[in-house]
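> So that we are looking at the same thing, I have put the structure below in structure tokens.
The values are calculated or read from the model by the stated rules, or taken from the named source; none is laboratory data. The shown structure was predicted, so the numbers you read here are calculated from the model rather than taken from an experiment. Reconstructed Cβ throughout: ideal geometry from the backbone, glycine too, with neighbour counts over all protein chains shown. These area figures cover heavy atoms from the full protein model, side chains too; ligands, DNA and RNA do not enter into them. Shrake-Rupley method; radii C 1.70, N 1.55, O 1.52, S 1.80 Å.
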Amino acid sequence: MTSSVPSDVLGRRILCDTEYATVRYAGSVPPTTGLWLGVEWDSPQRGKHNGSHEGIQYFKCTHSTGGSFIRPNKANFGVDFLTAVKNRYGLNDEQDVECEKENALVIGKKTVELVGFDSIIEQQSQLNKLVDISVSECAVSHAGQKEEISRTCPNIRSINLSKNLLPSWEKVTDIACQVQNLESLDLSENKMKFPSASITCTLSKLRVLALNRTGVTWAEVLLCAPGWPALEELYLASNDITVLERPINVLQTLKLLDLSNNQLIDGSQLQLIAYLPRLEQLILSNTGISSIRFPDVGFGCKTKMFPLLQRLAVDDNKILQWSFINELDKLQCLQSLHCQNNPLMGTEKNPETVRQLIIAKIGQLKVLNKSEIFPDERKGAELDYRKMFGNDWITAGGNQNPDKDRPNEEFLAAHPRYQLLCLKYGAPEEGELKRQQPFILKNQLLTLTIKCPDQPDQKPIEKKLPDSMTIQKVKGLLYRLLKIPGSELKLSYESSKMEGKEIELENDLKPLQFYSIENGDSILVRW
């Protein structure tokens, strides 16, 4: 190889103008003369062929137009870590030359120039102080001189090495193992070769590691994982990971795992990582999953899988069935769910209805799609759910009499929490389950009697109200009649068909029709 081309050129990462590539071939390409580099571009659109020229295959590419031949002088092979640090933070040696005349010591008749002496001391002092270092897109390709990083930057805690020219995990450890207190390392967008056998370098204090868009497989992660005994956050987005394996004696400290934008074969793969004992957050956005199962327990029970999982993201997937949501209620600690952009979210005309159904189906959920679930919203969702599926419950064998209440297995599978909600709020009564008539353009007027049971001096008032009128607007009407602010009013209604029973009108946004109020019923007002 010529002096301009490294001896280990094959497999090296290069930068050509603004494009990244990997060297796959170095040598002659007849009938031309001179040295050529055969490169495979990260962006196939940049290339011209698949590594062949005039019928001869010089190297192979994963894409038919991913290859090109370039002259070595067009390739930037990168710089060592400390050079990149000095360039990024304005600590390079070029500025020291300007200090030559000011730094001279006269000994006898001789003048000894201390070139950049003070500047070097100042530079060393500044490097010593660096804790969080970012050399993203600085063409870092190797560590440099042995142990120089540990001597020069002993206080580093965090390094951003994303989008550089690191060709292999070995080159990464050459840098990282010199940083004794390294806690966070971002290697995203470095297309690297990972080891096929276990490694010896241990990053004992590393807590956060990002390997997004590096081409790593799950098997390679497990091979490297013994070197991360304290790892808490692992980011593996966009790596084409399709198959998982069960981690054995590794990743046991992991609290966050990001597998987004990896097309997993199916949701059953998740069972292989379900026993990570400390996992609290799992990101599965755009992984292609449509189902999930925790087969160790039946409905109404809590699974031993994902024992500490609190936050789950499954947005941008293929989830269509409510059985997916039912399964999530088996998780012991799930508090936050992000599930937007799934077919399931379009199964109801009103998106708010889908939200209420999810809240009712997952009992311990506190945040849904980044929006907090307050107690009043949960109560309303569960009451609406109990009413919405009440007739199905009765048809399936449900009964207000506990001795006769035996809904079939099909209903319980579709509505695992329904029996629990009946225990919480009472079984739905016949009057609550009257079929709602569809809305019509011309609103039906209801003749209702407004009573104030706690105010004996207040005479009943008869009013005709449209059945589409919301409870909030009813309160506005009552404010004009009674001069009592709507926020202080508590409404319920009673019907001759449910003698002695009051139904609370607790949701201000619902219309009268929602509560199956009919002609002749009475609205009870308290404050």
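> Say we look at the range 472-487 and pick out the residues that are over 15 Å from residue 449 (Cα atoms) and open to solvent by less than 100 Å² (accessible area, probe 1.4 Å); which of these is modelled with the lowest pLDDT?
Going through the range 472-487, the residues over 15 Å from residue 449 (Cα atoms) turn out to be 472-473, 476, 479-480, 483-487.
Right, trim to open to solvent by less than 100 Å² (accessible area, probe 1.4 Å) and you get 476, 484-486.
Numbers: 476: 86, 484: 85, 485: 83, 486: 79.
For the range 472-487, the residue satisfying everything is 486.
> Answer yes if at least one residue in the range 67-77 is among the aromatic types (Phe, Trp, Tyr) and either more than 28 Å from residue 159 (Cα to Cα) or assigned to a loop (DSSP other than H, G, I, E, B) (or both), and no otherwise. Give the derivation first.
Residues of the range 67-77 among the aromatic types (Phe, Trp, Tyr): 69, 77.
Pick out the ones that are also either more than 28 Å from residue 159 (Cα to Cα) or assigned to a loop (DSSP other than H, G, I, E, B) (or both) and you get 69, 77.
Scanning the range 67-77, I find at least one residue that is among the aromatic types (Phe, Trp, Tyr) and either more than 28 Å from residue 159 (Cα to Cα) or assigned to a loop (DSSP other than H, G, I, E, B) (or both), so the answer is yes.
> Can you find a residue that is without any contact (Cβ under 8 Å) to a residue 24 or more places away in the chain, over 20 Å from the mean Cα position of the chain (by Cα) and closer than 27 Å to residue 295 by Cα anywhere in the range 334-354? First the steps, then the outcome.
At the first step, the residues of the range 334-354 found to be without any contact (Cβ under 8 Å) to a residue 24 or more places away in the chain are 345-346, 348-354.
Okay, now just the ones that are also over 20 Å from the mean Cα position of the chain (by Cα), so 346, 348-354.
Among the residues that remain, those that are also closer than 27 Å to residue 295 by Cα are: 354.
Looking for residues that are without any contact (Cβ under 8 Å) to a residue 24 or more places away in the chain, over 20 Å from the mean Cα position of the chain (by Cα) and closer than 27 Å to residue 295 by Cα, one finds at least one in the range 334-354, hence yes.
> Still on this structure, please answer the following. Filter the range 13-39 down to the residues that are farther than 14 Å from residue 71 by Cα and in contact with a Ser or Thr (Cβ under 7 Å, 6 or more places away or on another chain), then identify the one that is most open to solvent (accessible area, probe 1.4 Å).
Residue satisfying both the conditions and the ranking: 19.
> So, one more: State whether the residues of the range 476-491 include one that is in contact with a Cys (Cβ under 6 Å, 6 or more places away or on another chain) and over 26 Å from residue 433 (Cβ atoms). Full working, then the answer.
Of all residues in the range 476-491, those in contact with a Cys (Cβ under 6 Å, 6 or more places away or on another chain) come to none.
Checking the range 476-491: not a single residue is in contact with a Cys (Cβ under 6 Å, 6 or more places away or on another chain) and over 26 Å from residue 433 (Cβ atoms).
> Against the conditions (1) surrounded by 11 or more Cβ atoms within 10 Å (Cβ to Cβ); (2) out of contact with any Cys (no Cβ under 8 Å at 6 or more places or on another chain); (3) over 30 Å from residue 151 (Cα atoms), where does residue 8 fall short? Just the number, please.
(3)
> What is the residue count in the range 47-87 for residues that are acidic (Asp, Glu) and under 22 Å from residue 163 (Cα atoms)? Lay out the reasoning, then the answer.
Within the range 47-87, the first condition is being acidic (Asp, Glu), and the residues that meet it are 54, 80.
With the extra rule that they be under 22 Å from residue 163 (Cα atoms), the set shrinks to 80.
So the answer is 1.
> Further, regarding this structure: Of the conditions (1) under 19 Å from residue 353 (Cα atoms); (2) open to solvent by 50 Å² or more (accessible area, probe 1.4 Å); (3) not acidic (Asp, Glu), residue 400 fails just one. Which one is it?
(1)
> Quick test of your reading of the structure: residue 269 fulfils all but one of (1) polar (S, T, N, Q); (2) closer than 28 Å to residue 20 by Cβ; (3) not in a loop (DSSP other than H, G, I, E, B). Name the failing condition by number.
Failed condition: (2).
> When you scan the range 511-527, how many residues do you find that are in a loop (DSSP other than H, G, I, E, B) and at pLDDT 85 or above? Break it down into steps so the answer makes sense when it comes.
Of all residues in the range 511-527, those in a loop (DSSP other than H, G, I, E, B) come to 516-521, 527.
Adding the requirement that they be at pLDDT 85 or above leaves 517-521, 527.
Residues in the range 511-527 being in a loop (DSSP other than H, G, I, E, B) and at pLDDT 85 or above: 6 in total.
> Quick check on residue 74: is it out of contact with any Ser or Thr (no Cβ under 8 Å at 6 or more places or on another chain), under 18 Å from residue 15 (Cβ atoms), charged (D, E, K, R) and open to solvent by 80 Å² or more (accessible area, probe 1.4 Å)? Please lay out each step first, then the result.
Details: out of contact with any Ser or Thr (no Cβ under 8 Å at 6 or more places or on another chain): yes; under 18 Å from residue 15 (Cβ atoms): yes; charged (D, E, K, R): yes; open to solvent by 80 Å² or more (accessible area, probe 1.4 Å): yes.
Against the criterion (out of contact with any Ser or Thr (no Cβ under 8 Å at 6 or more places or on another chain), under 18 Å from residue 15 (Cβ atoms), charged (D, E, K, R) and open to solvent by 80 Å² or more (accessible area, probe 1.4 Å)), residue 74 qualifies.
> Something else now. If a residue has to be out of contact with any Ser or Thr (no Cβ under 8 Å at 6 or more places or on another chain), closer than 14 Å to residue 311 by Cβ and among the aliphatic types (A, V, I, L, M) to count, how many in the range 358-367 make the cut?
Step one: filter the range 358-367 for residues out of contact with any Ser or Thr (no Cβ under 8 Å at 6 or more places or on another chain), giving 358-364.
Filter once more, keeping what is closer than 14 Å to residue 311 by Cβ: 362, 364.
Applying the additional criterion that residues be among the aliphatic types (A, V, I, L, M) yields 362.
The number of residues fulfilling the criteria is 1.
> Checking residue 425 against (1) exposed (fewer than 13 other Cβ atoms within 10 Å of the Cβ); (2) at pLDDT 90 or above: exactly one of these is not met. Which one?
(1)
> Follow-up question, since we're still on this one. State which residue is most open to solvent (accessible area, probe 1.4 Å) when the search covers only the range 147-176 and only residues that are farther than 21 Å from residue 89 by Cα and in contact with a strand residue (DSSP E or B) (Cβ under 6 Å, 6 or more places away or on another chain).
Residue satisfying both the conditions and the ranking: 171.
> Continuing with the same structure: Is it true that residue 329 is among the charged types (D, E, K, R), over 20 Å from residue 386 (Cβ atoms) and either modelled with pLDDT of 95 or more or crowded, with 20+ Cβ neighbours inside 10 Å (or both)? Give the steps one after another, and end with the answer.
Details: among the charged types (D, E, K, R): yes; over 20 Å from residue 386 (Cβ atoms): no; either modelled with pLDDT of 95 or more or crowded, with 20+ Cβ neighbours inside 10 Å (or both): yes.
No, not satisfied.
> Can you tell me which of (1) open to solvent by less than 20 Å² (accessible area, probe 1.4 Å); (2) outside any loop (DSSP other than H, G, I, E, B) is the one residue 179 doesn't meet?
Of everything listed in (1) open to solvent by less than 20 Å² (accessible area, probe 1.4 Å); (2) outside any loop (DSSP other than H, G, I, E, B), residue 179 misses just condition (2).
> To continue, here is another question. Which members of the range 373-392 meet the condition of being closer than 18 Å to residue 326 by Cβ and either open to solvent by 50 Å² or more (accessible area, probe 1.4 Å) or hydroxyl-bearing (Ser, Thr, Tyr) (or both)?
Within the range 373-392, 385, 388, 392 meet the criteria.
> Going through the range 193-203 one residue at a time, which ones are open to solvent by 20 Å² or more (accessible area, probe 1.4 Å) and touching a strand residue (DSSP E or B) at 6+ places or on another chain (Cβ under 9 Å)?
Hits for the range 193-203 are 193, 195.
> Out of the residues in the range 492-506 that are surrounded by fewer than 20 Cβ atoms within 10 Å (Cβ to Cβ) and either of a type in the set (Gly, Ala, Ser) or within 14 Å of residue 469 (Cα to Cα) (or both), which is nearest to the chain's Cα centre (by Cα)?
492
> Run down 349, 304, 318 and say which single residue is closer than 21 Å to residue 416 by Cβ, open to solvent by 50 Å² or more (accessible area, probe 1.4 Å), in a loop (DSSP other than H, G, I, E, B) and not polar (S, T, N, Q). Explain how you work it out, then say what you get.
Numbers: 349 fails: closer than 21 Å to residue 416 by Cβ; 318 fails: closer than 21 Å to residue 416 by Cβ.
From the options 349, 304, 318, the qualifying one is 304.
> Does residue 395 meet the test of being within 21 Å of residue 290 (Cα to Cα), of a type outside the set (Phe, Trp, Tyr), in contact with a helix residue (DSSP H, G or I) (Cβ under 9 Å, 6 or more places away or on another chain) and open to solvent by 30 Å² or more (accessible area, probe 1.4 Å)?
Numbers: within 21 Å of residue 290 (Cα to Cα): no; of a type outside the set (Phe, Trp, Tyr): yes; in contact with a helix residue (DSSP H, G or I) (Cβ under 9 Å, 6 or more places away or on another chain): yes; open to solvent by 30 Å² or more (accessible area, probe 1.4 Å): yes.
So residue 395 fails the test.
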